[in-house]
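Comments concern the structure below.
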Amino acid sequence: MAPQVVDETARRLPGCRSPDPATPSAAPAAAHVPAPAAAPRPAPERIDAELLVTASVLLADAALTARQSGAELTGALFSWRFGLEALKRPGWALTTAVSCARALTGSGGLGFGANGGVAGELLRMAGNMTYRRPAKVAMAVDAFALRIKAAAVAHPNLDAPAARRLTDAMVAGNRLEAARAMLALIELLGVTRALTTVSPVIMELLALLGLLDENPVNDDFSWVTLAGGVPTTDPFLGLPSSVLGFLNPGPGRAERTEPDPILATVLAGSRNDIVSYVNDIGALGNHGLVLLRRVSCADGTLRYVLLLPGTSFGRLSNSTPQDLVGAFDGLLRTDTTYTRAAKKLLRRAGVPTGAEIMIVGHSLGGMTAMNLASDVEVCATYRVSHVIAIGSPIDSKRPADHTTRVISLVNKHDVIPGLDGRGPASPHDIPESWVELAWLDESYDYPLSHAPQAYSDALRGEFTHFRDQVNKLISDYDGEVVGNQPYMLRDK
């Protein structure tokens, strides 16, 4: 609505005298004139997260296409066929080479977009180290920036000035300013809350770091993240996942053990309920213990439940598969020490061929559950009917048996589930047959938001409907628990 126009001579406050026009010092009767109506405030800008993600997908596709075009053009230019034709038609070859060079290096073309092959990779590395930003990188950076902006719609803390200072610096490739912004964010919020604040876009920030630094060998992390895959290299040095296999080479070992009094008390009251399973995993701890349960089900079938806890954060590596090295290994690979130890457990326990098994895991345990379900040998020996992953980055993994029911429980404040590259603004989705239940609860800070207790409390409280949904999906395992056998897993 436009402000009304008011006649100043017609509007006087009651009881006030008009100024004397004959008196030069008399000031205009400003008090007698009402202030003009305030202009209406513009409506706050509404950001459409889905539209941002769609634009990000288009930019990512364009960036990946430009990268592929650069590789093909570079490969053609340095191929032996082109060299052979150059001997036959040197004039044509020179003209073609000049045109290709312009397309590869010109600002109107790919902007120093050479890559692929020995010559292409050498040129790409030279461009990295001389701060050349080709068109493919510019489009990829914009795609990541749009993802970050889309994520801020669901996570307003990302749009706070301190957090936005960090993300803007990362998008600009200003690492010094980004480091200052991160230190300021930590000083303002503390380490755990600062980490939680940026956790929804941690993969995007790491990908930007890989794209915009001078290191030419860590770019694959960024391109795989842009395409929605799980990187097989680290974002800092570009080390391949095979290095983790070298650091985590244990054959795996499983030994029967007896529960301590506290664990025995918890297991005595356990039943086929997702909250009960989460509590059982919490009681197992993360020092190598897992549990194999036998259930005499209501339909007369004997079924098995394998409970797998997550990572111990005490040391980088320890004598069990539940360490940080094992966590990174489990994220990037399927044949890990944890997986091998769990397979030996099933054989040692005498689980019969063809038996139905439900595998429930938290964090690294959830990754290992999916690794077991994707193992052809395991699926050929047993029927993995259900996998329940709690706070686990499993979205890039797929079970070998298409009938395996996958259920993923995600606290959106939890940092860990986003490590598979599928964050809140990712354009890529999980298979339609999967059931993913995600929520936001009061456990904001990491690692509290990642703890089994946080998931248990959420499912017992505000999100009981998710508890009921999961329990309905696993109702085949309703029955009498006839065996709870803990096992200690070791690397060797």
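Which of the chymotrypsin sites (Phe, Trp or Tyr not before Pro) found in segment 173-246 are in a DSSP loop and have at most 14 neighbouring Cβ atoms, other than their own, within 10 Å?
Sites meeting the loop and neighbour criteria: Phe236.
When every alpha-carbon pair in the chain is counted, what percent end up more than 45 Å apart?
Everything past 45 Å amounts to 31 percent.
Alpha carbon centre of segment 433-492 versus segment 109-149: separation in Å?
43
On a full-extension model of 0.36 nm per residue, what is the gain between Ala101 and Trp80, subtracting their alpha-carbon distance, rounded to one decimal in nm?
Full-extension gain reported as 5.8 nm.
When all protein chains stay in place, what accessible area (Å², nearest 10, 1.4 Å probe) is found for Tyr446?
Approximately 30 Å² for this residue.
Consider a paramagnetic label point 7 Å from the Cα of Lys492 along Cα→Cβ; state which residues of segment 245-261 have an amide N under 17 Å from it.
Within reach of a label on Lys492: 245-255.
In whole Hz and in residue order, list the ³J(HN,Hα) couplings for segment 352-364 that follow from phi through the Karplus curve 6.51 cos²θ - 1.76 cosθ + 1.60, θ = phi - 60°; x for Gly and Pro.
Each residue's phi maps through the Karplus curve to give x, 4, x, 5, 7, 10, 10, 10, 10, x, 10, 6, 4 Hz.
In whole percent, and with a 1.4 Å probe on the protein chains, what portion of the accessible area of the chain is carbon and sulfur?
Its accessible area is 59 percent carbon and sulfur atoms.
Send over the per residue convex hull volume for segment 187-234, Cα only, as a whole number of Å³.
89
Express the relative contact order of the chain as a whole percentage, based on alpha carbon pairs under 8 Å and six or more residues apart in sequence.
Across the chain, relative contact order equals 15 percent.
Taking every DSSP beta bridge that has both residues in segment 246-490, what percent is antiparallel when rounded to the nearest 5?
About 45 percent, rounded to the nearest 5.
Please work out how much length the chain gains when fully extended from Lys472 to Arg193, using 0.36 nm per residue of separation minus the C-alpha to C-alpha distance, in nm with one decimal.
Computed gain between Lys472 and Arg193 is 96.9 nm.
So which GluC sites (Glu not before Pro) in segment 195-288 end up in coil per DSSP with only 15 or fewer other C-beta atoms within 10 Å?
Of the GluC sites (Glu not before Pro), the ones in loops of segment 195-288 whose Cβ has at most 15 other Cβ atoms within 10 Å are Glu214.
Using θ = phi - 60° and the Karplus curve 6.51 cos²θ - 1.76 cosθ + 1.60, what whole-Hz ³J(HN,Hα) does each residue of segment 153-160 get, with Gly and Pro shown as x?
Computed from phi, the couplings for segment 153-160 are 5, 7, 10, x, 4, 5, 9, 5 Hz.
By DSSP, what percent of the beta bridges with both residues in the chain are antiparallel, rounded to the nearest 5?
Expressed as a percentage, antiparallel bridges in the chain total about 50.
The values are calculated or read from the model by the stated rules, or taken from the named source; none is laboratory data. Just so it is clear, the structure is predicted and the values come from calculations on it, not from any experiment. Glycine also receives a Cβ, built like all others from the backbone with ideal geometry; neighbour counts cover every protein chain displayed. Just so you know, the surface numbers come from the protein's heavy atoms only, side chains and all, with ligands and any DNA or RNA stripped out. Shrake-Rupley method; radii C 1.70, N 1.55, O 1.52, S 1.80 Å.
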